[in-house]
Amino acid sequence: MNPARIMRNKIVRSLFSKAGAAVLVSAGLAPLTMPPQAAAQNPGGRGGAPVTAKAAAPFDISGYWVSVITQNWRLRMVVPPKGDYMGIAMTPASKEIADAWDPAKDEAAGNQCKGYGAGTIMTNPERLHIIWPDDNNLQMEIDAGTQTRTFHFGNWKPEPGTKPSWQGESVALWQSRERDARRDPKARYLQVTTRNMLPGYLRKNGVPYSENSVLIEDYDFFQEPTGEQWMIVTTELRDPKYLDRPYILSAQFRKERDGSKWEPTPCSSRW
Amino acid sequence: MTKSALLALLALSAASVPSFAQIDLSGSWFPYNESDALSNSPGPRPLPLDFLGIPFNKYGQERGLLYSPSYMSVPERICAGYPPHYLVVGPHGVKIWNEMEPLTGTTVAWHINGWEDRAPTTIWMDERPHPSENAPHPPGGFVTGKWEGDVLVAYTTHMEAGLVRRSGAFLSDQATMTARFFRHGDTLTVTARIDDPYYLTEPYYLTRLFKQDSVASIHAVPPPCVQGDEGVPEGAVPHYMPGNNQFIGELTRKYHIPEEAYMGGAETMYPEFRKKIKDKYTIPDKCPNDCGGPGKFGLRNQ
């Protein structure tokens, strides 16, 4: 028998011995054999001063990001024609509203920003400017439509009676994919839950989402060997009123060196 | 502490460092194709020559302009399958499972099921090298994987040439793909970077989404592809000669998309490209075809 196999057999035998099990438990390694599962963890130390969201960030999300549109181009880069509902599990009530879409009416009513609400803003062609205004709040400025989102970490609670807005109110945390989130602080992604949004459009041609919608977003990050940094945003909009099932989209962003291409533009119903 | 127990601790500690962050990806994953409804949706295809947002160079565009949809009706092509990047451009769900070394439980490979026109994928996790550049290119390519933290990264070489969009957008057999599998609870996000030294000017990124399907409706063994006679004369290869593709201008006629957009290459991927076509685009009065709507969301589930 070759040495590697002898070693393997010893390991397997000892794992099944009482002594081996005791070692695993006392060394805190038993959880390694358990299946991983997502676990939420707000920033916070073990007995010491709380770790801020900024300090706990597993990657540097701040800076300028540009959307890279390679999918659904015709539905995202231009306003698609009325009645183009491909890919949306809409309800009959939704279709009734979308069929009546009139951009001129939206403009007259001051609703040009309906296509720039949090529900789908991440899939618009745009640049993001992300900063930490303080240690537990993340601010995302978006040049298309000149919108601002704020992601609140920690124990932040919305004030009762706050009026709905295009970007709603967002609670954020560094979510772990592992059972014990403390094991690997880098193995996390940003998860944001947004409520209290004004009714908006899933697509600029008038497909609606309602004021009761809930948006859950997952932000993943990776770096290419060249140093180029990417952020992938997975958005899930739940709206029982206008959707037969959650509307799930992705958006791809690449980090830019600076803000030289940052170009805020107003909301538009027709472009 | 016995000697064998200590040995177990040391061995497990060493072996567990890289596996610490490994995430279980196994299970049936149901497709959510909204992100690329125009390409991934089963049934309706993107219009021929829809190269919007693809960083093609002129060779990629010229290759695409030769394409006739009847090309796929040639008996040799009906079941010839799509390259591994069909994972992120196809309509199907996926079943993923791991293959373990029986004594240690180490994952030596991840498997992704095939579909009737897509070969199964095996992602080797045992650090084996990729084959020689002269090795054959099987339908599933050759794939190795590693964990970057809690994200599985799979690198594919030795792909066959094939469609990356069902509009006639081809990539060469020198293309490679780096796919990242991000799991968020019951949601799986797969982002692929595709490089092609022959047809692309820069990497082409695509993302596809899945939800875990607890009833396991997605089978490991795909339905068979049935080859048949679709009326193409023997020996014929449907195509268009350069400049004669009847679908040139189709996106403009139906959707008012200027030609410089679908033939624009990499610059069409970025927001500032919109300024180039702002004065040329008008919203069509109505959706011309394949418009979706309540109850018309998908023609089949997988």
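Things worth noting here:
- Checked against (1) under 19 Å from the mean Cα position of the chain (by Cα); (2) more than 9 Å from chain B (Cβ to nearest Cβ), A:R254 meets all criteria but (2).
- Number of positions in the range B:267-279 that are within 10 Å of chain A (Cβ to nearest Cβ) and either in contact with an Asp or Glu (Cβ under 8 Å, 6 or more places away or on another chain) or surrounded by fewer than 20 Cβ atoms within 10 Å (Cβ to Cβ) (or both): 8
- Counted residues, the range B:125-151 - those being more than 14 Å from every other protein chain (Cβ to nearest Cβ) and surrounded by fewer than 18 Cβ atoms within 10 Å (Cβ to Cβ): 12
- The range A:96-125: number of residues that are within 14 Å of chain B (Cβ to nearest Cβ) and either modelled with pLDDT under 95 or under 26 Å from B:D36 (Cα atoms) (or both): 17
- Among the residues listed as A:L138, A:L128, the single one being outside any loop (DSSP other than H, G, I, E, B) and away from chain B (no Cβ under 14 Å): A:L138
- The range B:112-161 holds strands (runs of 3 or more DSSP E) entirely within its bounds, and those carrying 1 or more residues that are under 19 Å from A:Q223 (Cα atoms) map to B:142-148, B:151-157.
- None of B:R193, B:R166 is among the charged types (D, E, K, R) and touching a strand residue (DSSP E or B) at 6+ places or on another chain (Cβ under 6 Å) except B:R193.
- Residue that is surrounded by the most Cβ atoms within 10 Å (Cβ to Cβ), among those in the range A:105-127 that are of a type in the set (A, V, I, L, M) and in contact with a Ser or Thr (Cβ under 8 Å, 6 or more places away or on another chain): A:A118
- Only one entry in B:Y71, B:Y67 is more than 14 Å from every other protein chain (Cβ to nearest Cβ), under 25 Å from B:G264 (Cα atoms), in contact (Cβ under 8 Å) with a residue 40 or more places away in the chain and in a loop (DSSP other than H, G, I, E, B), namely B:Y67.
- The range A:92-112 - residue that is part of a helix (DSSP H, G or I) and among the aliphatic types (A, V, I, L, M) and, of those, farthest from A:S269 (Cα to Cα): A:A93
- Remark: pairs (first residue in the range B:207-228, touching a residue at least 24 places away in the same chain (Cβ under 8 Å) and surrounded by 15 or more Cβ atoms within 10 Å (Cβ to Cβ); second residue in a loop (DSSP other than H, G, I, E, B) and β-branched (V, I, T); Cβ separation under 9 Å; 6+ apart in sequence or on different chains) = B:T207/A:T70.
- Of all the residues in the range B:195-213, those that are part of a strand (DSSP E or B) and more than 10 Å from chain A (Cβ to nearest Cβ) number 3.
- Failed condition for B:G295, given (1) touching a residue at least 24 places away in the same chain (Cβ under 8 Å); (2) more than 7 Å from chain A (Cβ to nearest Cβ): (1)
- Between B:L103, B:L38, the distinction of being assigned to a helix (DSSP H, G or I) and of a type in the set (A, V, I, L, M, F, W, C) belongs to B:L38 only.
- Of the criteria (1) hydrophobic (A, V, I, L, M, F, W, C); (2) assigned to a loop (DSSP other than H, G, I, E, B); (3) touching a strand residue (DSSP E or B) at 6+ places or on another chain (Cβ under 6 Å), which one B:M177 fails: (2)
- Test: residue in the range B:198-209 that is on the phi < 0 side of the Ramachandran plot and either small (G, A, S) or modelled with pLDDT under 95 (or both): no
- Scanning the range A:186-202 finds no residues that are closer than 26 Å to A:P80 by Cα, surrounded by 18 or more Cβ atoms within 10 Å (Cβ to Cβ) and of a type in the set (D, E, K, R).
The values are calculated or read from the model by the stated rules, or taken from the named source; none is laboratory data. In this text, all values refer to a predicted model and were calculated from it rather than measured experimentally. Cβ coordinates were reconstructed from backbone atoms using ideal geometry, including for glycine residues, and neighbour counts include every protein chain displayed.
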